[in-house]
């Protein structure tokens with residue numbers, strides 16, 4: 001395997017969620033003022049449900065934590081049911097005691113996106129950086145909305161989505177009409193993600209196997225954005241057996 005990435009292979013997506021949620025609960029228990037990074041999409045949903053359950057069962061409070069999300073669709077208000085603000089409120093924030101003003105998501109309706117993105121970077125720096133950030137991975141190896149070709153030192157910015165990403169969001173799970181899928185997004189950069197002290201990337205299902213194999217065993221290249229995590233000092237990929245099926249033994 002290339003680089004420093006630690007790979008944990010689980011028997012099921014439920015076990016992936018349990019292990020990932022355990023990392024977040026441990027982080028907050030050990031440092032109640034933790035700065036957390038969150039992702040959206042179908043993969044982390046089980047993890048967020050598990051975090052909420054463990055938080056309640058083990059009496060771990062998120063009241064002093066601060067969070068930042070990876071991205072937001074450009075043009076969608078936070079009340080839109082496909083916005084990532086809406087997703088986070090629905091899947092996690094309403095179920096834990098994080099303070100709403102400490103849960104940061106990029107503003108998809110910001111009048112000046114460059115100003116919004118710069119301010120987001122400044123907010124992360126002002127609280128000392130992210131302690132633990134959870135990531136997903138796209139079928140083409142993208143992380144957040146950093147599509148293939150994104151520079152390793154890229155920062156939060158307005159990006160155009162590739163057709164493959166637009167197609168992936170047009171399958172009925174998210175947007176029923178492909179014409180409704182936004183063509184741009186505000187996304188944290190790969191450099192921003194790499195600044196986090198710890199990273200955990202989750203992947204489940206056979207559709208992610210090729211991207212995982214390229215990210216872990218392939219070259220360190222912007223052509224596979226997730227491969228740019230290979231030299232991170234503390235990065236763990238938590239996978240189910242299907243997602244891990246094409247890794248070198």
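Values computed for the structure shown
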quantity	calculated
Residue 170 vs. criteria at pLDDT below 95, in contact with a helix residue (DSSP H, G or I) (Cβ under 7 Å, 6 or more places away or on another chain) and farther than 18 Å from residue 44 by Cβ	yes
Residue 152 vs. criteria part of a loop (DSSP other than H, G, I, E, B), closer than 23 Å to residue 35 by Cβ and in contact (Cβ under 8 Å) with a residue 60 or more places away in the chain	yes
Members of region 23-47 that are part of a helix (DSSP H, G or I) and within 22 Å of residue 212 (Cα to Cα)	23, 45, 46, 47
All positions within region 1-54 that are over 22 Å from residue 70 (Cα atoms) and modelled with pLDDT under 95	1, 2, 3, 4
Residue in region 18-39 that is farthest from residue 168 (Cα to Cα), counting only those that are crowded, with 17+ Cβ neighbours inside 10 Å and without any contact (Cβ under 8 Å) to a residue 60 or more places away in the chain	28
Restricting region 180-217 to residues that are within 18 Å of residue 7 (Cβ to Cβ) and without any contact (Cβ under 8 Å) to a residue 60 or more places away in the chain, the residue that is surrounded by the fewest Cβ atoms within 10 Å (Cβ to Cβ)	206
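The values are calculated or read from the model by the stated rules, or taken from the named source; none is laboratory data. Since this is a predicted model, take the numbers as computed values, not measurements. Every residue, glycine as well, gets a Cβ built from its backbone with ideal geometry; the counts of neighbours run over all protein chains shown.
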